[in-house]
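**Q** This structure is in structure tokens; I'll ask about it shortly.
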Amino acid sequence: MTSTARCSFLPAAVAAMLASFSALAADWQANEIVKTYSISGTTPIELYEEIGAKGPLLGGSSRAIAYTSFDLKWRRDYRPQPDGSCMLVSALPFMTITYNLPKPAKALPEPTARLWTRFIDGMTAHEKVHGQHMRDMVDRILDTTTGLTVPDDPGCRKIREEIKKPLIAASEEQRRKSRDFDRVEMSKGGNVHKLILDLVNRR
């Protein structure tokens with residue numbers, strides 16, 4: 001009778017625990033940091049040339065106008081199960097998203113100030129989309145790993161290798177989405193292309 005009561009209790013307890021941790025994970029929030037690099041100039045052309053000289057390096061000597069990166073850590077709770085399997089009963093992400101954007105070193109005269117505000121607002125919105133792609137990645141990891149169970153793993157060792165598969169898949173999807181987004185935005189007629197033209201060609 002004791003054994004029967006135990007077997008009926010554990011699944012319910014695990015289900016309740018998973019529901020509790022799932023609710024907690026669903027409320028996770030990324031920490032956002034905005035960093036800037038200083039550029040000089042009083043005209044749109046001068047500012048854009050400074051971006052070309054000082055923008056974030058993206059592999060080799062290629063520079064970007066802006067760049068978004070993230071740091072991601074996890075608190076995971078792996079639990080051996082009565083049947084000898086191991087379950088990931090909870091995963092709580094701690095993510096910091098960092099936006100790196102250009103900032104004029106001094107106050108700008110008109111009409112440069114107005115043009116710059118429109119340009120940097122547009123670039124910030126662009127980078128925020130990359131930030132959302134990173135959040136989406138974390139949500140996918142939560143969806144595909146929480147509750148994952150690996151049989152014959154009483155020491156919860158196999159599951160740590162098994163969990164790498166959905167992590168890699170989510171990371172690859174995030175990079176693909178970001179590449180596809182940049183390809184559209186930076187192509188001729190794309191949003192970033194228009195922002196650049198509006199900055200340097202308007203008077």
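**Q** Here's a check for you: in the range 58-72, which residue that is out of contact with any Leu (no Cβ under 7 Å at 6 or more places or on another chain) and aliphatic (A, V, I, L, M) is farthest from Val138 (Cα to Cα)? First the steps, then the outcome.
**A** Here is the first cut: in the range 58-72, the ones out of contact with any Leu (no Cβ under 7 Å at 6 or more places or on another chain) are 58-62, 65, 68-72.
Of the ones still in play, those that are also aliphatic (A, V, I, L, M) are 58, 65, 72.
Numbers: Leu58: 23, Ile65: 26, Leu72: 9 Å.
Only one residue tops the list, namely Ile65.
**Q** While we're here: Quick one: would you say Asp153 is more than 30 Å from Asn201 (Cα to Cα), buried (at least 18 other Cβ atoms within 10 Å of the Cβ), over 13 Å from the mean Cα position of the chain (by Cα) and not polar (S, T, N, Q)?
**A** Numbers: more than 30 Å from Asn201 (Cα to Cα): yes; buried (at least 18 other Cβ atoms within 10 Å of the Cβ): yes; over 13 Å from the mean Cα position of the chain (by Cα): yes; not polar (S, T, N, Q): yes.
For Asp153, the condition - more than 30 Å from Asn201 (Cα to Cα), buried (at least 18 other Cβ atoms within 10 Å of the Cβ), over 13 Å from the mean Cα position of the chain (by Cα) and not polar (S, T, N, Q) - is met.
**Q** Also, I was wondering about something else. Go through the range 125-141 and report how many residues are small (Gly, Ala, Ser) and free of Cβ contacts under 8 Å to residues at least 12 places away in the same chain.
**A** Initially, the range 125-141 is screened for residues small (Gly, Ala, Ser), giving 125, 131.
Pick out the ones that are also free of Cβ contacts under 8 Å to residues at least 12 places away in the same chain and you get 125.
Selection size over the range 125-141: 1.
**Q** Restricting the search to the range 101-150, which residues are surrounded by fewer than 19 Cβ atoms within 10 Å (Cβ to Cβ), of a type in the set (Val, Ile, Thr) and out of contact with any Phe, Trp or Tyr (no Cβ under 8 Å at 6 or more places or on another chain)?
**A** The answer is Thr117, Thr144, Thr149.
**Q** Quick one: which residue in Ile141, Ile120, Ile159 is within 23 Å of Gly41 (Cβ to Cβ) and β-branched (Val, Ile, Thr)?
**A** The unique qualifying residue is Ile120.
**Q** Confirm whether Val184 is over 30 Å from Trp74 (Cβ atoms), without any contact (Cβ under 8 Å) to a residue 24 or more places away in the chain and assigned to a helix (DSSP H, G or I). Before you say what the answer is, go through the steps one by one.
**A** Numbers: over 30 Å from Trp74 (Cβ atoms): yes; without any contact (Cβ under 8 Å) to a residue 24 or more places away in the chain: yes; assigned to a helix (DSSP H, G or I): yes.
Yes.
**Q** Can you name every residue in the range 77-124 that is in contact (Cβ under 8 Å) with a residue 60 or more places away in the chain, of a type in the set (D, E, K, R) and not in a helix (DSSP H, G or I)?
**A** Hits for the range 77-124 are Arg79, Asp83, Lys103, Lys106.
**Q** While we're looking at this one, here's another question. For the range 125-150, how many residues are part of a loop (DSSP other than H, G, I, E, B) and either under 22 Å from the mean Cα position of the chain (by Cα) or of a type in the set (S, T, N, Q) (or both)?
**A** 1
**Q** Right, something else. Please work out if Arg114 is charged (D, E, K, R) and farther than 26 Å from Ser40 by Cβ.
**A** Details: charged (D, E, K, R): yes; farther than 26 Å from Ser40 by Cβ: no.
No: the conditions fail for Arg114.
**Q** Among the residues of the range 46-78, how many are more than 21 Å from the chain's Cα centre (by Cα), surrounded by 13 or more Cβ atoms within 10 Å (Cβ to Cβ), over 22 Å from Met95 (Cα atoms) and not charged (D, E, K, R)?
**A** Of the residues in that region, 3 qualify.
**Q** Right, another one. Quick one: would you say Ala25 is surrounded by 13 or more Cβ atoms within 10 Å (Cβ to Cβ), at pLDDT below 80 and within 16 Å of the chain's Cα centre (by Cα)?
**A** Details: surrounded by 13 or more Cβ atoms within 10 Å (Cβ to Cβ): yes; at pLDDT below 80: yes; within 16 Å of the chain's Cα centre (by Cα): yes.
Yes: the conditions hold for Ala25.
**Q** Could you list, in sequence order, the residues of the range 142-178 that are closer than 30 Å to Val192 by Cα, of a type in the set (A, V, I, L, M) and in contact (Cβ under 8 Å) with a residue 24 or more places away in the chain?
**A** Those that are closer than 30 Å to Val192 by Cα, of a type in the set (A, V, I, L, M) and in contact (Cβ under 8 Å) with a residue 24 or more places away in the chain: Ala169, Ala170.
The values are calculated or read from the model by the stated rules, or taken from the named source; none is laboratory data. This is a predicted model, so every value here is computed, not measured. Cβ sites come from the backbone with ideal geometry, for glycine too, and all protein chains shown count toward neighbours.
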